[in-house]
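Quick notes on the structure that follows.
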Amino acid sequence: MSECKYKRVMLKLSGEAMAGKNGFGIDFEVAKRIATEIKELVDMGVQVGAVIGAGNIWRGREGGGMDRATADYMGMLATCINALALQNSLEDLGIETRVQSAIEMKEIAEPYIRRRAIRHLEKGRVVIFAAGSGNPYFTTDTAAALRAAEIEAECILLAKKVDGVYDKDPNKFDDAVKFDTLDYKQVIELGLTVMDSTAITLCMDNDIPIIVFALDEPGNIRKAATGEEYGTIIDN
Ligand code: GTP
């Protein structure tokens, strides 16, 4: 098995990743597969932080005529549901985890405390950061970039449905071309929708490489972390 050059990584999962084929809710078979893949990293001695989205339950920006902030708060709560589901699947495999929430809900999860999160990681626990950044108008991508910077993760493993960053939507255009490498400025200038611009800027300012890969094949999280296989790497 390949070595991982990273000691500490931030894994960003979209909420849809938990939904499996249904596209909605949580498919526990899928959650188990993701947990098994995270276990591969933990078994290699990699410290894993994870941020999970909520698109399988609620999409703030699709809140119809809703007040944006309220819709975003609903999305943050939905990330907590996903975080607890992932925690459960990881614990089923015997992996110690802690969920820390950016919105205090002590009965359910620890509050987010940076130093405590780092301590958990040092002890080999997977830390799942729930409730995004706790602020409306920010995405869970931005939360992943922010927490990655805070915990000094060496990279963001950005799990996607497609296997990298393309110049246009590969689901719509047959002639879409995949980038092997990109720098942050190109992502912003070309308007590539890999992460929102706030998240990209945070990564750029803090020198956090983003490794984009598709979650569809078993083993891809480990492969992305070891450099064995990934779609696109975004770096300076
Ligand atoms: P160490 O001090 O490094 O051993 O970490 P620890 O997380 O084991 O310490 P602690 O005894 O504080 O936590 C034990 C359990 O309680 C863990 O599962 C924590 O996630 C959980 N826990 C700690 N604080 C809170 C909290 O504020 N709310 C909830 N819901 N759980 C908490």
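The values are calculated or read from the model by the stated rules, or taken from the named source; none is laboratory data. Since we're looking at a predicted model, the values are computed, not measured. So basically every Cβ, Gly included, is an ideal-geometry build from the backbone, and we count neighbours across all protein chains shown.
Here are some notes:
- Residue within the stretch 60-70 that is within 16 Å of the ligand (Cβ to nearest atom) and in contact (Cβ under 8 Å) with a residue 12 or more places away in the chain present: no
- Number of residues in the stretch 211-226 that are over 11 Å from K160 (Cβ atoms) and either among the acidic types (D, E) or in a strand (DSSP E or B) (or both) equals 1.
- Among the residues making up the stretch 110-136, those that are within 8 Å of the ligand (Cβ to nearest atom) and surrounded by fewer than 16 Cβ atoms within 10 Å (Cβ to Cβ) are P111, R116, R119, K123.
- One residue alone among T36, T97 is polar (S, T, N, Q) and farther than 26 Å from N206 by Cβ, and that residue is T36.
- Boolean, E107 is surrounded by fewer than 20 Cβ atoms within 10 Å (Cβ to Cβ), touching a residue at least 24 places away in the same chain (Cβ under 8 Å) and either assigned to a strand (DSSP E or B) or not basic (K, R) (or both): no
- Failed item, numbered, when A199 is tested on (1) under 26 Å from A19 (Cβ atoms); (2) in a loop (DSSP other than H, G, I, E, B): (2)
- A153 satisfies every condition listed in (1) assigned to a loop (DSSP other than H, G, I, E, B); (2) of a type outside the set (S, T, Y); (3) surrounded by fewer than 22 Cβ atoms within 10 Å (Cβ to Cβ) except (3).
So that you can scan it fast, the table gives a plain yes or no per residue for (1) at pLDDT 95 or above; (2) part of a loop (DSSP other than H, G, I, E, B):
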{"position": "A117", "(1), (2)": "yes, no"}
{"position": "G124", "(1), (2)": "yes, yes"}
{"position": "G134", "(1), (2)": "yes, yes"}
{"position": "A143", "(1), (2)": "yes, no"}
{"position": "K168", "(1), (2)": "no, yes"}
{"position": "N171", "(1), (2)": "no, yes"}
{"position": "L182", "(1), (2)": "yes, no"}
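- Residues in the stretch 1-43 that are aliphatic (A, V, I, L, M), modelled with pLDDT under 95 and over 24 Å from V194 (Cα atoms): M1 only.
- Residue within the stretch 85-100 that is within 24 Å of M44 (Cβ to Cβ), among the β-branched types (V, I, T) and within 10 Å of the ligand (Cβ to nearest atom) present: yes
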